[in-house]
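Chemist: Once you've had a glance at the structure underneath, I'll fire off some questions.
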Amino acid sequence: MEKLSEVDTEIATKFEGMGATCHEEGVFFRVWAPHAEQVSVVGSFNDWNPDAHPLIQEENGHWGNLISDAKVDDEYKYYLKTTAGDLQRNDPYALKMTNSAGNSVIYDQSAFDWHGDVFHIPAWHELVVYELHIGTFNAKEKDQVGTLYTAIEKLDYLKGLGINAVELMPCSEFAGSRSWGYNPANPFAIESDYGGPDGLKNFVKAAHEAGIAVILDVVYNHFGPSDMDLWQFDGWHENDGGGIYFYNDWKSDTPWGSTRPDFGRKEVRDYIHENAMMWLRDYHIDGLRMDMVPYIRNVKADGNPGNDIPEGITLMQWINKDISEQFPNHITIAEDMHSLDFITNSVENGGMGYGSQWDAKFVHAVRDAIITPNDSDRDISSVSEAVQSRYNLDSFQRIIYTESHDEVANGQARVAEEIADGDVNNWYSKKRAALGVVLVMTSPGIPMVFQGQPLLADKWFSDNDPIDWSRLEKFSGFANLHRDVIHLRRNWFGVTKGLQGQHVQILREDNDKKVLVLHRYADEGPKDSVLVAFNFSHETFEDYKVGLPRGGKWHLRFNSDLAEYDPDFSDQAVFDLETMEGEYDQCHHYASLHLPPYTALIFSQED
């Protein structure tokens with residue numbers, strides 16, 4: 001067994017980093033395999049000969065060496081001699097793969113030309129997020145997988161819609177060609193069928209040029225479970241467990257197999273921490289969304305303190321703290337779904353330090369209200385509570401939505417599909433789905449829509465059912481409804497600043513007539529205060545009096561009942577509001593609203 005000499009120590013110190021790193025002198029390989037007896041690199045540069053390029057044993061179970069014969073695009077693996085036999089393993093830090101069951105590929109992170117890319121994610125109160133799945137977002141044919149390059153072709157559409165951030169479902173190399181992405185086989189490599197690492201970099205660069213931030217979904221609660229060379233990587237394991245990268249006891253158990261990483265082991269903590277930092281540093285990613293955080297902080301995600309994983313919590317705190325310090329204004333988002341202040345409280349205050357979290361309170365209450373068939377069963381008080389919910393007194397510590405990849409799969413369907421139970425092209429589906437998107441765009445929080453939602457996509461999300469872009473023409477009005485309310489949310493016209501504000505005042509919560517009226521504001525006043533009225537009933541209310549925070553004229557900015565949004569809509573005449581003096585809803589002024597059925601109206605003042 002070769003060990004570090006004084007010269008070797010100098011080389012090892014000079015060439016830092018894990019995996020295959022490219023230098024003028026060649027490629028330096030470093031791998032962690034504490035139970036291996038010997039390690040070498042085999043690849044296309046040495047005819048896969050395990051005797052050609054041995055690695056030198058370093059400290060703490062690491063092995064490394066500089067190989068001048070290796071170069072970019074060469075394929076390689078590690079060859080380990082262990083007590084369990086001779087093993088060939090892909091590089092845990094491989095940046096590129098031929099495929100998940102193939103070989104690692106040498107890739108130079110520094111070679112990509114960013115053309116001076118300097119992008120700053122919009123302030124969180126300005127964000128409008130679009131969640132998309134690369135494999136189905138813009139597939140050219142139904143039997144083909146969409147790529148990062150085909151996704152670039154739709155950035156102009158997203159920009160026109162008013163989207164300024166996309167959230168990509170996981171893009172790390174996974175088993176096979178089709179997947180949601182939550183089964184990472186090679187966490188540092190970009191899915192080869194999506195376009196590999198250059199594909200992601202090109203997508204990010206193009207998105208930034210379009211003024212769109214990129215948030216990446218990452219999976220740290222488990223790895224695999226298939227096509228995973230991390231499993232029993234160097235031959236060692238206990239209790240039939242996964243070996244050095246995984247817990248080998250009861251803590252390994254997850255809903256996706258016994259594949260929970262060992263959050264308490266330094267090398268595994270470093271592995272996950274470096275993965276998170278890599279996306280922001282080397283791929284110019286603007287934020288991370290972390291999958292199912294409850295299974296990082298608790299074995300069963302059940303809140304039982306006996307199942308807590310303190311080292312999982314401290315690892316996420318470390319990552320979030322380093323991101324906030326090293327990458328200011330980059331966002332980290334938790335999918336936790338337990339509605340806890342702890343998730344988005346700062347690390348300094350004992351929280352996990354995420355910037356925002358998917359809000360279960362909002363999505364479940366709102367979906368229930370718009371999907372429920374009978375008006376009498378709609379619970380307006382639950383909707384009102386959902387609108388007002390916040391974490392740590394900050395509205396933007398939550399992501400609000402009615403559709404996501406989870407909410408429109410796993411036994412659930414698109415909002416319009418749930419309402420229709422068949423053909424979504426019907427009055428009820430379109431009217432109430434529109435109510436949902438307006439609630440998302442006008443409530444305090446960071447709003448998010450899911451791919452296909454503006455196209456009135458039907459059925460449910462599946463990784464083998466690509467978006468049908470012909471629906472953009474068929475339902476162009478419905479897509480324009482999304483565009484118009486998103487533009488108001490982003491205050492494009494300078495008259496709806498309040499929709500980006502922290503504050504909401506419930507002017508009317510009418511569970512009898514199924515009406516909810518909101519006052520949204522940042523600082524209050526003209527061009528700031530926004531009145532949003534929702535009618536969750538099939539009835540029309542022609543003289544619905546409600547108190548208003550200010551007197552004067554309130555201009556109609558949006559009416560979801562317009563025929564231009566859909567020919568089936570009633571297109572009832574709704575006009576600007578002139579207030580009258582009088583006490584209503586604890587306000588000194590009031591106005592009479594005309595509320596068409598299943599309709600949302602937005603008003604604001606000029607002066």
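The values are calculated or read from the model by the stated rules, or taken from the named source; none is laboratory data. Bear in mind that the values here come from a model prediction, so they are computed numbers and not experimental data. Methodologically, a virtual Cβ is constructed for each residue, glycine included, from the backbone with ideal geometry; neighbour enumeration extends over all protein chains shown. We work out accessible area using only protein heavy atoms, side chains counted, and drop any ligands, DNA or RNA first. Shrake-Rupley method; radii C 1.70, N 1.55, O 1.52, S 1.80 Å.
Chemist: Quickly run through the range 328-360 and pick out the residues that are surrounded by fewer than 20 Cβ atoms within 10 Å (Cβ to Cβ), in contact (Cβ under 8 Å) with a residue 24 or more places away in the chain and closer than 17 Å to residue 276 by Cβ.
Modeler: Matches in the range 328-360: 329, 330, 347.
Chemist: Which residues, taken from the range 273-312, are assigned to a loop (DSSP other than H, G, I, E, B), open to solvent by less than 40 Å² (accessible area, probe 1.4 Å) and touching a residue at least 40 places away in the same chain (Cβ under 8 Å)? Walk me through it before giving the result.
Modeler: Of the range 273-312, the ones assigned to a loop (DSSP other than H, G, I, E, B) are 283-286, 291-293, 299-304, 309.
Of the ones still in play, those that are also open to solvent by less than 40 Å² (accessible area, probe 1.4 Å) are 283, 285-286, 291, 293, 299, 301, 309.
Of everything in the range 273-312, those that are assigned to a loop (DSSP other than H, G, I, E, B), open to solvent by less than 40 Å² (accessible area, probe 1.4 Å) and touching a residue at least 40 places away in the same chain (Cβ under 8 Å) turn out to be 283, 285, 286, 291, 293, 299, 309.
Chemist: If you check residue 71 against the conditions, is it farther than 21 Å from residue 234 by Cα, in contact (Cβ under 8 Å) with a residue 24 or more places away in the chain and basic (Lys, Arg)? Before you say what the answer is, go through the steps one by one.
Modeler: Values: farther than 21 Å from residue 234 by Cα: yes; in contact (Cβ under 8 Å) with a residue 24 or more places away in the chain: yes; basic (Lys, Arg): yes.
Considered against the rule, which asks whether it is farther than 21 Å from residue 234 by Cα, in contact (Cβ under 8 Å) with a residue 24 or more places away in the chain and basic (Lys, Arg), residue 71 comes out as yes.
Chemist: OK, next. Please work out which one of (1) over 21 Å from the mean Cα position of the chain (by Cα); (2) under 20 Å from residue 263 (Cβ atoms) is the condition residue 322 fails and give its number.
Modeler: Result: residue 322 passes all but (1).
Chemist: Quick one: how many residues across the range 216-243 are touching a His at 6+ places or on another chain (Cβ under 7 Å) and open to solvent by less than 60 Å² (accessible area, probe 1.4 Å)?
Modeler: First, pick out the residues of the range 216-243 that are touching a His at 6+ places or on another chain (Cβ under 7 Å): 234-236, 243.
Subset that is open to solvent by less than 60 Å² (accessible area, probe 1.4 Å): 234-235, 243.
Residues in the range 216-243 being touching a His at 6+ places or on another chain (Cβ under 7 Å) and open to solvent by less than 60 Å² (accessible area, probe 1.4 Å): 3 in total.
Chemist: From the set of residues in the range 551-584 that are crowded, with 18+ Cβ neighbours inside 10 Å and more than 19 Å from residue 432 (Cβ to Cβ), which is farthest from the chain's Cα centre (by Cα)?
Modeler: The qualifying residue farthest from the chain's Cα centre (by Cα) is 579.
Chemist: Still on this model: Looking at the range 250-272, which of the residues that are touching a Gly at 6+ places or on another chain (Cβ under 7 Å) and part of a loop (DSSP other than H, G, I, E, B) is nearest to residue 114 (Cα to Cα)?
Modeler: Restricting to residues being touching a Gly at 6+ places or on another chain (Cβ under 7 Å) and part of a loop (DSSP other than H, G, I, E, B), the top hit is 263.
Chemist: Only one of (1) among the polar types (S, T, N, Q); (2) open to solvent by 40 Å² or more (accessible area, probe 1.4 Å); (3) over 16 Å from residue 358 (Cβ atoms) is not met by residue 392, so which one is it?
Modeler: The one condition residue 392 does not meet is (3).
Chemist: Output the number of residues of the range 373-403 satisfying the condition of being of a type in the set (D, E, K, R) and assigned to a loop (DSSP other than H, G, I, E, B).
Modeler: The qualifying residues number 4.
Chemist: Oh, and also: Restricting the search to the range 395-419, which residues are in contact with a Lys or Arg (Cβ under 8 Å, 6 or more places away or on another chain) and either surrounded by fewer than 16 Cβ atoms within 10 Å (Cβ to Cβ) or within 17 Å of residue 534 (Cα to Cα) (or both)?
Modeler: The answer is 402, and nothing else.
Chemist: Does the range 184-195 include one or more residues that are over 19 Å from the mean Cα position of the chain (by Cα) and part of a helix (DSSP H, G or I)?
Modeler: Looking through the range 184-195, at least one residue is over 19 Å from the mean Cα position of the chain (by Cα) and part of a helix (DSSP H, G or I).
Chemist: If we scan the range 317-332, do we find a residue that is in a helix (DSSP H, G or I), touching an Asp or Glu at 6+ places or on another chain (Cβ under 8 Å) and β-branched (Val, Ile, Thr)?
Modeler: no
Chemist: Would you please list the contacts, defined by Cβ atoms under 8 Å and residues six or more apart or on different chains, that run from a residue in the range 505-519 that is at positive phi to a residue that is of a type in the set (Gly, Ala, Ser)?
Modeler: If the second residue must be of a type in the set (Gly, Ala, Ser), the pairs left are 514/537.
Chemist: Answer yes or no as to whether residue 422 is small (Gly, Ala, Ser), modelled with pLDDT of 95 or more and open to solvent by 10 Å² or more (accessible area, probe 1.4 Å).
Modeler: Spelling it out, it is not the case that residue 422 is small (Gly, Ala, Ser), modelled with pLDDT of 95 or more and open to solvent by 10 Å² or more (accessible area, probe 1.4 Å).
Chemist: Among the listed residues 394, 406, identify the single one that is out of contact with any strand residue (DSSP E or B) (no Cβ under 8 Å at 6 or more places or on another chain), of a type outside the set (A, V, I, L, M) and more than 15 Å from residue 461 (Cβ to Cβ).
Modeler: 394
Chemist: Using the structure shown, decide if residue 365 is surrounded by 15 or more Cβ atoms within 10 Å (Cβ to Cβ), free of Cβ contacts under 8 Å to residues at least 24 places away in the same chain, part of a helix (DSSP H, G or I) and hydrophobic (A, V, I, L, M, F, W, C). Before the answer, list the steps.
Modeler: Working: surrounded by 15 or more Cβ atoms within 10 Å (Cβ to Cβ): yes; free of Cβ contacts under 8 Å to residues at least 24 places away in the same chain: yes; part of a helix (DSSP H, G or I): yes; hydrophobic (A, V, I, L, M, F, W, C): yes.
Considered against the rule, which asks whether it is surrounded by 15 or more Cβ atoms within 10 Å (Cβ to Cβ), free of Cβ contacts under 8 Å to residues at least 24 places away in the same chain, part of a helix (DSSP H, G or I) and hydrophobic (A, V, I, L, M, F, W, C), residue 365 comes out as yes.
Chemist: Another one. Looking only at the range 591-600, decide whether some residue is more than 23 Å from residue 489 (Cα to Cα), in contact (Cβ under 8 Å) with a residue 12 or more places away in the chain and in a strand (DSSP E or B).
Modeler: Yes: one or more hits.
Chemist: For a quick check of your reading: which helices (runs of 4 or more DSSP H) sit entirely within the range 404-476 and have at least 3 residues that are within 25 Å of residue 122 (Cβ to Cβ) and in contact (Cβ under 8 Å) with a residue 40 or more places away in the chain?
Modeler: Once the helices (runs of 4 or more DSSP H) in the range 404-476 are filtered for at least 3 residues that are within 25 Å of residue 122 (Cβ to Cβ) and in contact (Cβ under 8 Å) with a residue 40 or more places away in the chain, what remains is 427-442.
Chemist: Further, regarding this structure: Go over the candidates 199, 160 one by one and state the one that is open to solvent by 10 Å² or more (accessible area, probe 1.4 Å), assigned to a helix (DSSP H, G or I) and at pLDDT 95 or above.
Modeler: The unique qualifying residue is 160.
Chemist: I'd like the full set of residues that are surrounded by 23 or more Cβ atoms within 10 Å (Cβ to Cβ), touching a residue at least 60 places away in the same chain (Cβ under 8 Å) and either of a type in the set (A, V, I, L, M) or closer than 25 Å to residue 246 by Cα (or both), limited to the range 33-49.
Modeler: Correct list: 33, 36.
Chemist: Looking at residue 545 and the list (1) out of contact with any strand residue (DSSP E or B) (no Cβ under 6 Å at 6 or more places or on another chain); (2) more than 26 Å from residue 491 (Cβ to Cβ), which single condition is not satisfied?
Modeler: Against the list (1) out of contact with any strand residue (DSSP E or B) (no Cβ under 6 Å at 6 or more places or on another chain); (2) more than 26 Å from residue 491 (Cβ to Cβ), residue 545 comes up short only on (1).
Chemist: Consider residue 499 carefully, then state whether it is in contact with a helix residue (DSSP H, G or I) (Cβ under 6 Å, 6 or more places away or on another chain), in a helix (DSSP H, G or I), at pLDDT 95 or above and surrounded by 23 or more Cβ atoms within 10 Å (Cβ to Cβ).
Modeler: yes
Chemist: Okay, moving on. Out of all the residues in the range 53-63, is one or more within 38 Å of the chain's Cα centre (by Cα), at positive phi and either among the polar types (S, T, N, Q) or at pLDDT 95 or above (or both)?
Modeler: Yes, the range 53-63 has at least one match.
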